[in-house]
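K.L.:
Quick one: the structure is below, and I'll ask about it shortly.
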Amino acid sequence: MQIRALMYFDELVRTNSMRQAAENLNVAPTAISRQIENLEYHFGAPLVERSARGVKLTAAGELLAARAGRTLRELDHVQQLIEDLKGLQRGRVNIYANGATVANLLAPALAEFSLKYPKLRFAVTITSARAAIDAVNSAEADIAVTLFAPPMSGTKVRLRSEIAYDLITSPRHPAAALPEISLGELADFALALPDQSFGFRQAFDALFEKEGLSLDPVFVTSSLEMLKELVLSGAAVTLLPALTVRREIEAGQLSAIPLAGKTGIRTHVDLCVAPDRQLSFAAAKLLDFIERFMRERSNSKADTKE
């Protein structure tokens, strides 16, 4: 069985059209058909049913489709490892992350790393923490950087850095003058919070319920950028890890107020990889760099507290 046949089949599955698959691969439709026939001969079973409306996978075709994509990604990975053996310091790294980890953690790390290794290329996908972990497990991602990730098997946590959620306010807001704030005081302010699909929101709701407090946020959104803009405008306060708005805090545009006592919400940033997959030169270098970057940020925060 040839790799080309798998590539043609994978493209056919993706497009559901012989003609479109042929156009995307820059070959004749008969070439697609011939490679599919080669696969059907190899497996001894029909893989697709052809009709005027396109192609439909058979049961055997469904089995192959579920595995062909990962097989091709692994072959691309092997190609990268072979190039590494040749000493070619070039390559591509796929990173998945959930939104809150990006602007002031992952983006600065990638920017600094890229200046050191300008021949490398990076693809960053922003998604949920669960989807990022799934991407590592399915070999779609080399590295995942997650915040509030659910417990999931199959990944190796290279570094776990604990962080606390602070009250984030405009410096002009009355809460900005407080050394710390209790949940009871917090309930008196106009709140902007993420929707309940976010792990933090679920933890925050549970914390309020435990304290016997009612929670009635003025703004609810799935956009962390929207939360930040609402706070910058002075319309509301929110809760976020200070590292996610570090740039704005350093510029004097936002303030971070710790929650009083032991009632705060803590979570962790996880740097994850697949335990059984050898990383390419590019991915391994980036992984080491992000780990050092996260440790330095953590130490810097600890020094500031002292």
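K.L.:
Would you mind listing how long the stretch 3-69 runs along its three principal axes, going by Cα atoms, in whole Å with the largest first?
P.N.:
Principal-axis extents of the Cα atoms in the stretch 3-69, largest first: 26, 26, 19 Å.
K.L.:
Over the alpha carbons of the chain, what is the largest minus smallest coordinate on each principal axis, giving the biggest first in Å?
P.N.:
73, 46, 32
K.L.:
Would you grab the residues whose amide H sits under 5 Å from the one on Thr221? Only those 5+ places off in sequence or on another chain, please, with H modelled 1.01 Å from N.
P.N.:
Hits under the 5 Å cutoff: Leu193, Asp195.
K.L.:
For the chain, what's the relative contact order in percent, using C-alpha pairs closer than 8 Å and at least 6 residues apart?
P.N.:
RCO, the chain: 21 percent.
K.L.:
Cα centroids of the stretch 223-296 and the stretch 123-187: how far apart, whole angstrom?
P.N.:
So the separation of the two Cα centres works out to 6 Å.
K.L.:
What is the local net charge at Ala235, summed over the other residues whose Cβ is closer than 14 Å to its Cβ (Lys, Arg +1; Asp, Glu -1)? Walk me through the intermediate numbers first.
P.N.:
Values: positive: Arg172, Lys228; negative: Glu229.
So the environment of Ala235 carries a net charge of +1.
K.L.:
OK, next. What FRET efficiency comes out for Ala190 versus Gln20 if R0 is 41 angstrom and r is the Cβ-Cβ distance? Round to the nearest 0.05. If you can, show how the numbers build up before the last one.
P.N.:
Details: r = 51 Å, r/R0 = 1.24.
The computed FRET efficiency comes out at 0.20.
K.L.:
Sticking with this structure for a sec: Around Ala175, with a cut-off of 13 angstrom between Cβ atoms, what is the net charge of the other residues, counting Lys and Arg +1 and Asp and Glu -1? The partial results should precede the final answer.
P.N.:
On the way: positive: Arg172; negative: Asp166, Glu180, Glu185, Asp188.
Neighbourhood net charge equals -3.
K.L.:
Using the Cβ atoms and a cut-off under 11 Å, what net charge is assigned to the surroundings of Pro46, where Lys and Arg are +1 and Asp and Glu are -1?
P.N.:
Numbers: positive: Arg50, Lys56; negative: Glu37, Glu40, Glu49.
That works out to -1.
K.L.:
With a cut-off of 8 Å between alpha carbons and a minimum separation of six or more residues, what is the relative contact order of the stretch 176-306 in percent?
P.N.:
For the stretch 176-306, the relative contact order is 29 percent.
K.L.:
Rank these for me by crowding, Thr146, Thr125, going from fewest to most other beta carbons within 10 Å.
P.N.:
Numbers: Thr146 29, Thr125 14.
So the residues, fewest neighbours to most, are Thr125, Thr146.
K.L.:
Moving on. For the stretch 162-266, what is one quarter of the convex hull surface built on the Cα atoms, given in nm²? Don't skip to the end; give the middle numbers.
P.N.:
Working: hull surface 24.2 nm².
So the mean shadow area of the Cα hull is 6.1 nm².
K.L.:
Counting pairs of alpha carbon atoms under 8 Å apart in space and at least six apart in sequence, what relative contact order in percent does the stretch 3-69 give?
P.N.:
31 percent
K.L.:
Continuing with the same structure: With r defined as the distance between the Cβ atoms of Gln2 and Gln202 and R0 fixed at 41 Å, what FRET efficiency is calculated, to the nearest 0.05?
P.N.:
That pair, Gln2 with Gln202, gives E of 0.25.
K.L.:
If you don't mind, there's one more thing I want to ask. Amide H to amide H, which residues 5 or more places from Leu57 or on other chains are under 5 Å from it, using H placed in the peptide plane?
P.N.:
HN-HN under 5 Å from Leu57: Glu49.
K.L.:
Just to verify a number: FRET efficiency for Ala251 and Arg121, C-beta to C-beta distance, R0 = 25 Å, to 0.05?
P.N.:
Efficiency computed from Cβ-Cβ geometry: 0.25.
K.L.:
With springs connecting C-alpha atoms under 10 Å apart, model the chain as a Gaussian network and identify which of Arg130, Arg92, Arg172 has the largest mean-square fluctuation.
P.N.:
Arg172
K.L.:
Still on this structure, please answer the following. Once amide H atoms are placed 1.01 Å from N in the peptide plane, what residues at a sequence separation of 5 or more from Phe122, or on another chain, have their amide H within under 5 Å of its amide H?
P.N.:
Residues meeting the amide H criterion: Val93.
K.L.:
Antiparallel DSSP bridges in the chain: what percent, to the nearest 5?
P.N.:
Roughly 60 percent of the DSSP beta bridges within the chain come out antiparallel.
Every number here is computed from the coordinates shown, using simple stated rules; none is lab data. The model shown is predicted, which means the values in this text are computed figures rather than measured ones. Positions of Cβ are backbone-derived with ideal geometry, glycine not excepted, and every protein chain shown enters the neighbour counts.
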